[in-house]
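Heads up, the thing below is written out as structure tokens.
The values are calculated or read from the model by the stated rules, or taken from the named source; none is laboratory data. Not measured: the values here are computed from a predicted model. Please note: Cβ atoms are built from the backbone with ideal geometry, for glycine as well, and neighbour counts cover all protein chains shown.
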Amino acid sequence: MKEAKQKKNVPVLPWMRSPIDVSLFEECPLHLFPCLDPRLEVALKNMGFSSLFPVQVAVWQETVGPGAFERDLCINSPTGSGKTLAYALPIVNVLSSRAVKCLRALVVLPTRDLALQVKEVFAAIAPAVGLSVGLAVGQTSIADEISELIKRPKLEAGICYDPEDISLELQSSVDILVATPGRLMDHINTTKGFTLKHLRYLVVDETDRLLREAYQSWLPTVLQLTRSSDESLFPCGKTILPSTFGSMNTIRRCGVERGFKGRSYPRLVKIVLSATLTQDPSKLALLDLHHPLLLTAGQRRYQLPEKLKSFKLICESKLKPLYLVALLRDLGGEKCIVFTSSVESAHRLCTLLNFFGDLQIKIGEYSGLQHQRVRSKTLEEFRGGKIQVLISSDGMTRGMDVEGVRNVINYDVPKFIKTYIHRAGRTARAGQTGRCFTLLRKDEDKRFKQLLQKADSDSCPVHSVASNSIEALHSVYVSALEKLKETVVSETTRKRKINFKSSGADKRKQEKHLKE
Ligand SMILES: Nc1ncnc2c1ncn2[C@@H]1O[C@H](COP(=O)(O)OP(=O)(O)OP(=O)(O)O)[C@@H](O)[C@H]1O
């Protein structure tokens, strides 16, 4: 209680008190958009976009427009409002005139699936202006990733080269890199030729999530590597003189311009975003923002998508699976994501539902318990419509953008408003309508109301399911529960065996090691 009070009293940083209100901007048709490279206009049309969303217009103003990337941007805009293109478009537009290929923009995301999603957006526009986009997420082996990211010089046969010179001439194959923190650190620490010294743009997407976890200190490392050093202020002969192959340096000089206060220039421009951006000064300080500007939609800190409708279903705990099945039947196979409070309950619920027999809905599990390969396959099938219902834990779903998700169901009530926002935000995206249903016990209702009020949402009518459809499901439920129990027992035994075998192997290894 005391801690909660203290949190409320954390002062809001002065620059956060006068944000730019994104909701005052209007959608802008592509042909009226100022300074947009015509090749990008074509690429956007090929994506099926005819205009740009308010947040995209507002960010453009502060980047390519009059703002000219002079300030770092903190963007707090609702889920599904188009934040990805809001940063991808200006970065690609501005880099379209670059002469030499090197890594100039880095986008960091907390999960692999999210990084893949963002890479797709860049890949849809960047090639139109001759830019390449890379991915560093650990989806393939590090060797494969390196060969995608780093270009080796073509060496002439018969000539003896100094290995030092060759390593200097390894070049980036990509202009823009989308990465998860772990793999990014692997490349920083071990990949020859991987350098951030030409980096001009750093995007930290899902900022609050990325700042919550240190992920091998990726942020201080990136900031350190892109900061001006004495060497770049007074470059020594080695860096001034081009090597045999003509190496290139981005020299960050200390700026004397107003507001730069001795910071290096050209500086690293930062864009940080979330639908629930943190206001915590100590967290924001980690980003070392330059003259930051906040862009936010409206006056409220937390916002739900405009066309989202929230509903609640009040039922006893033990009847929750029956209410869920009845609801899924009512939704008639529409694409839907069901959220549980943990990876274990997602697994159990998915197993149970699949024992219900003739639901005529394909249900898939999507959680951190699974191997990445399995998870990616499930997501692909969900995108393609092969699976209609995804049972998911929270960890993996931030930012996930799947077309046609009409409904979100909170099987377990979210504890925090941020969780509600990110879960509900998987529907009602890009101006579409969507519904979020929450299953509640009676005694949870009051807390849930208070939770929704934090997003200024008072409207959450009760959605009822026919009591006869609940009764009709009873006998199937009992047998499904029996099968679930058997499955849980056999899974636990299997796990124990695997653990026993692996600990035995570890012991044998240790003994062998001691003998040696
Ligand atoms: N100008 C546009 N016209 C039409 N659709 C768009 C436009 N910009 C983005 N979209 C679509 O809107 C959807 C949401 O975009 P995006 O994933 O960038 O949202 P977001 O604000 O990052 O959401 P979240 O906070 O959940 O990550 C995507 O399907 C995207 O293709």
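For beta carbons closer than 9 Å, sequence separation of 6+ or different chains, a first residue in segment 64-85 that is within 24 Å of Ala43 (Cβ to Cβ) and free of Cβ contacts under 8 Å to residues at least 24 places away in the same chain and a second that is charged (D, E, K, R) and surrounded by fewer than 24 Cβ atoms within 10 Å (Cβ to Cβ), the qualifying pairs are Ala68/Glu62. Looking across Leu210, Leu135, one residue alone is at pLDDT 95 or above and within 30 Å of Val374 (Cα to Cα). It is Leu135.
For segment 34-55, a residue qualifies if it is closer than 16 Å to Ile91 by Cα and either buried (at least 19 other Cβ atoms within 10 Å of the Cβ) or within 25 Å of the chain's Cα centre (by Cα) (or both), and the qualifying residues are Leu36, Leu40, Ala43, Leu44, Leu52, Val55. Restricting attention to segment 34-53, the residues that are near the ligand (Cβ under 10 Å from one of its atoms) and touching a helix residue (DSSP H, G or I) at 6+ places or on another chain (Cβ under 8 Å) add up to 7. Consider Tyr161 against the criteria (1) at pLDDT 95 or above; (2) part of a loop (DSSP other than H, G, I, E, B); (3) not aliphatic (A, V, I, L, M): it satisfies all of them except one. Which criterion is unmet? Unmet for Tyr161, out of (1) at pLDDT 95 or above; (2) part of a loop (DSSP other than H, G, I, E, B); (3) not aliphatic (A, V, I, L, M): (1). Could you please find all residues in segment 21-33 being within 16 Å of the ligand (Cβ to nearest atom) and in a strand (DSSP E or B)? Across segment 21-33, the qualifying residues are Cys28, Pro29.
Taken over segment 417-449, the residue count meeting the criterion of being among the polar types (S, T, N, Q) and surrounded by fewer than 23 Cβ atoms within 10 Å (Cβ to Cβ) is 3. Restricting segment 109-144 to residues that are in contact with a strand residue (DSSP E or B) (Cβ under 6 Å, 6 or more places away or on another chain) and assigned to a helix (DSSP H, G or I) leaves a set whose member that is nearest to the ligand (Cβ to nearest atom) is Val118. Across segment 452-498, the number of residues qualifying as at pLDDT 90 or above, of a type in the set (A, V, I, L, M) and within 30 Å of Asn76 (Cβ to Cβ) comes to 1.
Scanning segment 69-105 for residues that are within 16 Å of the ligand (Cβ to nearest atom), hydroxyl-bearing (Ser, Thr, Tyr) and assigned to a loop (DSSP other than H, G, I, E, B) yields a count of 3. Of all residues in segment 61-77, those being crowded, with 24+ Cβ neighbours inside 10 Å and in contact with a helix residue (DSSP H, G or I) (Cβ under 8 Å, 6 or more places away or on another chain) number 5.
Taking segment 417-436 as the range and being assigned to a loop (DSSP other than H, G, I, E, B) and more than 13 Å from the ligand (Cβ to nearest atom) as the test, only Thr433 passes.
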